[in-house]
1. With +1 on each Lys and Arg Cβ and -1 on each Asp and Glu Cβ, how big is the dipole of segment 145-185 about its Cα centre, in debye rounded to the nearest 20?
2. Rg and Dmax of segment 198-263, using alpha carbons, in Å: what are they?
3. How big is the charge dipole of segment 10-77 about its Cα centre, in debye rounded to the nearest 20, if each Lys and Arg gets +1 on its Cβ and each Asp and Glu gets -1 on its Cβ?
4. What are the ³J(HN,Hα) couplings of segment 76-82, residue after residue, when phi is run through the Karplus curve with 6.51, -1.76, 1.60 and θ = phi - 60°? Round to Hz, x for glycine and proline.
5. Run the numbers on segment 210-277 and let me know its relative contact order in percent, using alpha-carbon pairs under 8 Å that are six or more apart.
6. Relative contact order of the chain, please, whole-number percent, based on alpha carbon pairs below 8 angstrom and at least 6 residues apart.
7. So, with a 1.4 angstrom probe, what is the percent of accessible area on the chain that is carbon and sulfur?
8. Run the simple label-point estimate for N75 and K309 please: 7 Å along Cα→C-beta, distance reported in nm.
Amino acid sequence: MILTITMNPSVDISYSLNPFKIDDVNRVESVSKTAGGKGLNVARVISQMNEEVKATGIMGGTVGSYISKTLKAENIKQDFLMIKKESRNCIAILHEENQTEILESGPTLEKSEGDLFLKKLSDLLNHVSIVTISGSLPKGLSPKYYQKLISLCEKKKVPVLLDTSGRTLKETISNSSKPLLIKPNETELGDLINKKISNSTDVLKKALSHEIFNEIEYVIVSLGADGAFAKYKESFYRITIPKIKVMNPVGSGDATMAGLAIGLKQKKSIEETLKLGMTTGMLNTMEKKTGFIDKRNFDNYYSKVHVEKV
Ligand code: ADP
């Protein structure tokens, strides 16, 4: 099965307010609460694709209990390191076609809690064939913490798909144990190599030829409505997708990770894996809820994705 790691999960609360009044009382009638954090979106989409998945990471407090209850209700297997500290709430206020977000940073962890999770992961790795790591690290853990997770996975011969950003991504991929796949978006790719990225094939080829990517088998740059550009071993691919009606693009990168993980787990070809990732990404943008897809639309959109070696 696929194991998804979420080190800083949240309860994502969305309030619809029209208008949103600053320095005044706002009464909310429409509230939605979901188990959030990028890795949980990945787990949900894998589960909606009817693939076996287990969610792990660290969570705690009453917010942690709520996340756990939500995953249970969604029939997603889970095995988290439970701590006393409270997991976080993340609030999105939807108002006049805008989205204002208030994001708690979550608990500050001790090194000992990080070590306990490594122990848990070591056991879990005996029963899984692929791992995804998504999102930021909680406060208190070193930016090198994901390196430790990937080294452990390497020891147990379990490949890792990594989706994080900023300093954590840079630190993690400069280690000698490499993830099998990373999925930066355009901005994250630019940040990694300190260059402005455009959608031109020459620019993307040059960017992905940077030595920082040398030993990473799959580098998939997701480009929103423009699909994606990928490097697989020494080859480059441009992936084009159809025009679709977007309801909510939040979480589409996570849904893409879910599709890529399924493709790799099922040992699909590079073309099929890329098409899978693009299709789950697109399906997520067509739903209101973050990290949700309607599998009934899968075949139709899968057939409209084109992969070309460039
Ligand atoms: P991230 O959420 O990590 O920034 P992207 O925005 O690049 O990732 O989205 C990931 C994938 O989701 C895209 O490669 C594409 O398949 C799909 N997607 C995202 N936004 C759109 C859009 N506006 N129209 C069609 N597909 C989209």
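1. Dipole magnitude for segment 145-185 comes out near 120 debye.
2. 12.8, 38
3. 220
4. 9, 5, 9, 8, 9, 6, 8
5. Taking the mean separation of contacting Cα pairs over the length of segment 210-277, I get 20 percent.
6. 16
7. Whole-percent figure for carbon plus sulfur exposure: 49.
8. Here the answer is 4.0 nm between the modelled labels.
The values are calculated or read from the model by the stated rules, or taken from the named source; none is laboratory data. Everything quoted here is computed from the prediction, not taken from an experiment. Cβ atoms come from the backbone with ideal geometry, glycine included; neighbour counts cover every protein chain shown. SASA here: full protein model, heavy atoms, side chains in, ligands and nucleic acids out. Shrake-Rupley method; radii C 1.70, N 1.55, O 1.52, S 1.80 Å.
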